[in-house]
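What follows is a set of notes on a single structure, which appears directly below.
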Amino acid sequence: MNKICKSFCFLFSALILSTQIANAKLNLFPTPRYIPDLSFYADSGKKHKLTENKEDMLVAVIWSRTCGPCINDMKRLQIFADKTKDKGIKVIIISPAEEWKTIDERRNFMQKIEAPHLESYTDPKSGFAHGMGIMVTPVAVLVSRNGEEIGQITGSVKWDDEDVIDYLLKLKDDVYKNERPQSK
């Protein structure tokens with residue numbers, strides 16, 4: 001009975017959250033999923049992978065500078081990142097490498113759209129995005145601290161809305177609780 005109640009409460013919370021996610025689809029997986037061994041790159045050229053995540057939850061947003069909803073989300077995503085960074089949620093953004101002539105061009109663009117402090121990476125030839133099965137933007141991939149995918153949000157999100165922030169913090173806590181061994 002307790003399991004049914006928890007499921008109902010979680011679904012009800014997801015329904016409330018859906019009013020704050022504009023034109024987006026929230027897809028939480030019943031069990032965490034394996035993430036393919038795919039790389040994206042820092043400005044230094046260093047390879048990174050989602051499976052390297054050490055935070056309680058990583059929100060990796062795949063976006064494009066030619067995507068209107070992506071650009072509109074960036075300022076709100078910056079606010080979300082600022083409000084959750086000390087609470088176990090890390091935010092990164094990944095865009096196609098071919099969209100940028102230089103690192104400075106990308107940095108100037110991020111400044112212009114009021115998201116200068118988002119941790120930004122590039123994806124050459126969209127190999128990472130396509131390998132993850134992502135063919136549209138924006139998509140937020142939610143990753144546990146074990147480097148497993150716990151869900152995705154496809155579409156535009158009101159990241160700075162307190163209900164969205166509270167929901168994702170609760171989701172992070174729920175995932176963390178489920179990873180701990182049960183006490184006897």
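Since every read-out is calculated from the coordinates, none of them should be taken as a lab result. Owing to the predicted nature of the structure, the values given are computational and were not obtained by experimental measurement. Methodologically, a virtual Cβ is constructed for each residue, glycine included, from the backbone with ideal geometry; neighbour enumeration extends over all protein chains shown.
General remarks:
- Cross-link reach list, lysines versus LYS170, counting only Cα pairs under 23 Å and skipping chain neighbours closer than eight places: LYS3, LYS6, LYS25, LYS54, LYS75, LYS83, LYS85, LYS87, LYS90, LYS158
- Top positive-direction residue, dipole computed over the range 38-184 with Cβ charges, set PHE128, PRO96, VAL164: PHE128
- Evaluating 6.51 cos²θ - 1.76 cosθ + 1.60 at θ = phi - 60° for every residue in the range 88-96, the Karplus couplings come out as x, 10, 10, 10, 10, 10, 10, 10, x Hz, glycine and proline recorded as x.
- Net charge of Cβ neighbours under 13 Å - reference LYS101; Lys, Arg +1; Asp, Glu -1: -1
- Residue-by-residue Karplus 3J(HN,Hα) for the range 142-154, coefficients 6.51, -1.76, 1.60, Hz, glycine and proline x: 9, 10, 6, 5, 8, x, 10, 7, 9, x, 9, 10, 10
- Here the dipole of the range 2-179 is about 160 debye; that uses its Cα centre as origin and unit charges on the Cβ of Lys and Arg (positive) and Asp and Glu (negative).
- THR102 paired with GLU114, simple spin-label distance in nm, labels 7 Å along Cα-to-beta-carbon: 2.7
- Here the Karplus relation 6.51 cos²θ - 1.76 cosθ + 1.60, evaluated at θ = phi - 60°, turns the backbone of the range 114-120 into coupling constants of 6, 9, x, 9, 5, 6, 10 Hz, with x for every Gly and Pro.
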